[in-house]
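The values are calculated or read from the model by the stated rules, or taken from the named source; none is laboratory data. Being a predicted model, the structure only gives us computed values, none of them experimental. FYI the Cβ positions are ideal-geometry reconstructions off the backbone, even for glycines, and counts take in every protein chain you see.
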Amino acid sequence: MAINLVKYMFVCVLGIAVGYGAVLSIRYFDVDYELNTVNLSEVNAQVVLLATSWCEYCEKARQLLRKNNVKFTEFDVEKSAEGRRLMEATHSQGVPVILIENRKYTGFNERAIVSGLQAYNLM
């Protein structure tokens with residue numbers, strides 16, 4: 001009886017932990033927030049893509065922007081000092097990072113990116 005109770009409690013705690021992790025991952029890929037550390041006028045662009053040449057989601061982001069005729073400036077963070085500076089300034093650790101005006105979108109979430117572009121009438 002006690003062993004079954006321990007197993008049940010373990011499964012409940014594990015379920016809560018997995019659920020919380022799922023919520024955090026959704027927030028990570030879907031949340032945009034004000035950028036206080038980057039002035040995009042420095043790079044003369046309303047939309048900036050921080051990416052790498054080999055990243056599958058970076059390519060999806062490129063295709064989305066091109067498909068919607070969005071003018072953007074891209075920095076390869078492995079080859080560009082400016083790209084690395086922007087990654088550091090935005091406290092980003094992974095790619096793609098899409099900067100739209102004063103908002104940052106980390107990861108590839110088409111719905112969030114399109115919403116951000118529409119909010120600034122960029123598509």
Can you pull out every residue in region 51-100 that is within 18 Å of residue 113 (Cα to Cα), free of Cβ contacts under 8 Å to residues at least 40 places away in the same chain and among the aromatic types (Phe, Trp, Tyr)? 72, 75
Select the helices (runs of 4 or more DSSP H) contained entirely in region 39-123, then report the ones holding at least 1 residues which are modelled with pLDDT of 95 or more, in contact with an Asp or Glu (Cβ under 8 Å, 6 or more places away or on another chain) and surrounded by 13 or more Cβ atoms within 10 Å (Cβ to Cβ). 56-67
Checked region 74-99 for anything within 14 Å of residue 64 (Cα to Cα) and in contact with a Gly (Cβ under 8 Å, 6 or more places away or on another chain); matches are 96, 98
Members of region 89-105 that are more than 16 Å from residue 61 (Cβ to Cβ) and either within 14 Å of the chain's Cα centre (by Cα) or polar (S, T, N, Q) (or both): 91, 93, 102
